[in-house]
Amino acid sequence: MSETLATDLSTEIARRRTFAIISHPDAGKTTLTERILRAGGAIQLAGNVRAKGERRRTRSDWMSIERDRGISVVSSVMTFDYGGCIFNLLDTPGHEDFSEDTYRTLTAVDSAVMVIDAAKGIEDRTRKLFEICRLRDIPIVTFINKMDREAQDPFALLDEIASALALDTSPATWPIGRAAGFVGTYDLRTKEVHTQEKLPQSDPRMVQLSEELELAEGVLPPFDRESFDAGHLTPVFFGSAMKEIGVIDLLDALVAFGPSPRDQVAESRTVKADEAEMTALVFKIQANMDPNHRDRIAFARICSGKLTRGMRLRHSRTGKNFAVHTPQFFFARDRQLAEEAYAGDVVGIPNHGTLRIGDTLTENEDLKFTGVPHFAPEILRRVRLNDAMKAKKLKQALTQLAEEGVVQLFKPQDGAQPIVGVVGTLQLDVLQARLKAEYGVEIGFDAVQFSLARWVTGSREKIEAFSMANRSAMADDLDDDPVFLATSSFMMRRTQEQNPDITFHDIKQIGLEIK
Ligand code: G4P
């Protein structure tokens, strides 16, 4: 590769900003998403005055079940440009029943914006999502929202974040005025005042600002890039998504220091984003997005290099090659063919079920990215089919939806009806609704005696012997890896003690090998 080409590649990659927004429900994620997209020109009209139901129907919501319930179930990606950067905003489902989907999405981002309600501070779900980010040391930018309402004191909020999350906080902006008098922010980095109305220095809010700034600069740590990149320090922004205060501060900061594409860990080595050869990781599958087309899209994050349309790629799991003729970019309203995409970008690749969550794509290298796990489900149910004539259709539909990650599928080795596993019961509702709407199959769920599922590894001989002895408690997952189903944690412990040569896993890493 010539030097200019290499420079082009690294310049393009350096201007990618791929991030997600995490928050507790109601903190303002949807509102902030809309405002960000509007600032990026992706939504012309974010519309302030809308009925609740209508407002919930943001462009990122695709499925009717979401509309009915007013929750965001699927995650999607929205691309826009702002300030010379290409932003990829990956939406995550807000409801905790879809935490596995959220986890997978977070494996594909380089930073996260954590939205906090200024009155409520750190809430339960904020904390959980933050912990997931911490597992991967994802840099976090904090946006304290709803400053236009009665809020906690900024110092108290900064303190709370620091102590609740064991994270250093550095104010990036400071609020000017409070509640109804909240008019704007002071940017500590650029030393600029951003207000919607011009305030004289004598305005009590400006006086308060200078007093607080003096204190803040005295006691709070300044922004430290290295510490932020390592996920140890969060710059904090104050604002009101609803009143569009502080949103531009946030975007400008992401342009200035929002991390560009990070290294990605594979089994054999760590891949750097600006390597010349293209590599990509499938982190999400979505089928039937458009009911008229019955398509299936694999969302792949480009981890290094550049993807061009028509490129031949190696599919690591099968070792087969295939050409990507119609990679797509997703915008708030529509999709478009992606002629080229760079590390950090997320492209949708239409396919007929070849691509699965966790799959690696390369130009030629035999490489497998790690870090897209499956978690043992917390609820198990047997699928009851109302119309026996549809057994074959059900099998196919369940496989497809399990490949998409809607539920986990366990096929009992004794030939009994399939068992599905989920983290939250809402997933079961989604499964039922989608089977009916998209495949015309009606099902119900029956309770099973099992409460735990564990992947088993060990020597082939030992596994076979163990499976024989426990036939009615053994199942195969989607990849035909063996799973032991236990009726209680007591039984699980006993089984473990009795079978020291077998290892039981509650997390399945992609690429789990059975020796
Ligand atoms: P979520 O996606 O995190 O669940 O939050 P969402 O944006 O849906 O916001 C939750 C509620 O908080 C909404 O009110 C929204 O209008 C309000 N909100 C969001 N940002 C701000 C802000 O900066 N200031 C104020 N004061 N309120 C904000 P709602 O009553 O549930 O809906 P609606 O009646 O506004 O449609």
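Within segment 113-143, track down each residue that is of a type in the set (Asp, Glu) and open to solvent by 40 Å² or more (accessible area, probe 1.4 Å).
Scanning segment 113-143 gives 124, 131, 137.
Given the criteria of a type in the set (A, V, I, L, M), over 20 Å from residue 253 (Cα atoms) and touching a Gly at 6+ places or on another chain (Cβ under 8 Å), does residue 180 qualify?
no
Among the residues of segment 446-465, are any buried (at least 18 other Cβ atoms within 10 Å of the Cβ), part of a loop (DSSP other than H, G, I, E, B) and among the aliphatic types (A, V, I, L, M)?
Yes, that holds for at least one residue.
If you scan segment 144-166, which residues turn out to be among the aliphatic types (A, V, I, L, M) and either surrounded by 18 or more Cβ atoms within 10 Å (Cβ to Cβ) or in a helix (DSSP H, G or I) (or both)?
Within segment 144-166, the first condition is being among the aliphatic types (A, V, I, L, M), and the residues that meet it are 144, 147, 151, 156-158, 161-162, 164-166.
If the condition is that a residue be among the aliphatic types (A, V, I, L, M) and either surrounded by 18 or more Cβ atoms within 10 Å (Cβ to Cβ) or in a helix (DSSP H, G or I) (or both), then 144, 147, 151, 156, 157, 158, 161, 162, 164, 165 are the ones that fit.
Residues being in contact with a helix residue (DSSP H, G or I) (Cβ under 7 Å, 6 or more places away or on another chain) and modelled with pLDDT under 95: count how many of those fall in segment 332-371.
As a first pass, look at segment 332-371 and keep what is in contact with a helix residue (DSSP H, G or I) (Cβ under 7 Å, 6 or more places away or on another chain): 332, 342-344, 353, 356-357.
Subset that is modelled with pLDDT under 95: 332, 353, 356-357.
Total satisfying the criteria: 4.
How many of the residues in segment 466-478 are exposed (fewer than 13 other Cβ atoms within 10 Å of the Cβ) and of a type in the set (D, E, K, R)?
Qualifying residue count for the region: 1.
Can you confirm whether segment 229-246 contains a residue that is of a type in the set (D, E, K, R), open to solvent by 40 Å² or more (accessible area, probe 1.4 Å), over 20 Å from residue 119 (Cα atoms) and out of contact with any Lys or Arg (no Cβ under 6 Å at 6 or more places or on another chain)?
Taking every residue of segment 229-246 in turn, at least one turns out to be of a type in the set (D, E, K, R), open to solvent by 40 Å² or more (accessible area, probe 1.4 Å), over 20 Å from residue 119 (Cα atoms) and out of contact with any Lys or Arg (no Cβ under 6 Å at 6 or more places or on another chain).
Mind listing whichever residues of segment 382-407 are acidic (Asp, Glu) and open to solvent by 60 Å² or more (accessible area, probe 1.4 Å)? Quick ask: steps written out before the conclusion?
So the first thing to find is which residues in segment 382-407 are acidic (Asp, Glu), and the list is 387, 403-404.
Hit for segment 382-407 is 387, nothing else.
Against the condition in the same structural domain as residue 33 (by TED's automatic domain parsing), within 23 Å of residue 19 (Cβ to Cβ) and either within 15 Å of the ligand (Cβ to nearest atom) or modelled with pLDDT under 95 (or both), how does residue 168 come out, does it pass?
No; evaluated as a whole, the condition is false for this residue.
Taking the condition of being touching a Phe, Trp or Tyr at 6+ places or on another chain (Cβ under 7 Å), more than 13 Å from the ligand (Cβ to nearest atom) and more than 19 Å from residue 139 (Cβ to Cβ), how many residues in segment 11-38 meet it?
Of the residues in segment 11-38, 1 are touching a Phe, Trp or Tyr at 6+ places or on another chain (Cβ under 7 Å), more than 13 Å from the ligand (Cβ to nearest atom) and more than 19 Å from residue 139 (Cβ to Cβ).
Could you say whether any residue in segment 237-260 is within 16 Å of the ligand (Cβ to nearest atom), in the same structural domain as residue 168 (by TED's automatic domain parsing) and of a type in the set (S, T, N, Q)?
Yes, that holds for at least one residue.
Confirm whether residue 262 is surrounded by fewer than 14 Cβ atoms within 10 Å (Cβ to Cβ) and farther than 21 Å from residue 182 by Cβ. Let's see the steps before the verdict.
Numbers: surrounded by fewer than 14 Cβ atoms within 10 Å (Cβ to Cβ): no; farther than 21 Å from residue 182 by Cβ: yes.
No: the conditions fail for residue 262.
Considering only segment 109-147, state which residues are of a type in the set (Asp, Glu) and touching a strand residue (DSSP E or B) at 6+ places or on another chain (Cβ under 9 Å). Write out each step before concluding.
Filtering segment 109-147 down to residues of a type in the set (Asp, Glu) leaves 110, 117, 123-124, 131, 137.
110, 117, 123, listed by residue number.
Test each condition in (1) away from the ligand (no atom under 16 Å from the Cβ); (2) assigned to a helix (DSSP H, G or I) for residue 174 and report the one that comes out false.
Unmet for residue 174, out of (1) away from the ligand (no atom under 16 Å from the Cβ); (2) assigned to a helix (DSSP H, G or I): (2).
Taking segment 372-394, which residues are at pLDDT 90 or above and closer than 19 Å to residue 447 by Cα?
377, 379, 380, 381, 382, 383, 384, 385, 394 - these are the residues of segment 372-394 that are at pLDDT 90 or above and closer than 19 Å to residue 447 by Cα.
Can you confirm whether segment 430-441 contains a residue that is part of a helix (DSSP H, G or I) and among the hydroxyl-bearing types (Ser, Thr, Tyr)?
The initial filter retains those residues of segment 430-441 that are part of a helix (DSSP H, G or I), namely 430-439.
Still in the running and among the hydroxyl-bearing types (Ser, Thr, Tyr): 439.
Yes, segment 430-441 has at least one match.
Only one residue in 208, 196, 201, 286 is closer than 30 Å to residue 327 by Cβ and either surrounded by fewer than 22 Cβ atoms within 10 Å (Cβ to Cβ) or touching a Leu at 6+ places or on another chain (Cβ under 7 Å) (or both), so which one is that?
286
Can you tell me which of (1) under 24 Å from the mean Cα position of the chain (by Cα); (2) surrounded by 17 or more Cβ atoms within 10 Å (Cβ to Cβ); (3) touching a residue at least 24 places away in the same chain (Cβ under 8 Å) is the one residue 410 doesn't meet?
(1)
The values are calculated or read from the model by the stated rules, or taken from the named source; none is laboratory data. Just so you know, these numbers come straight off a predicted model, no measurement behind them. Positions of Cβ are backbone-derived with ideal geometry, glycine not excepted, and every protein chain shown enters the neighbour counts. These area figures cover heavy atoms from the full protein model, side chains too; ligands, DNA and RNA do not enter into them. Shrake-Rupley method; radii C 1.70, N 1.55, O 1.52, S 1.80 Å.
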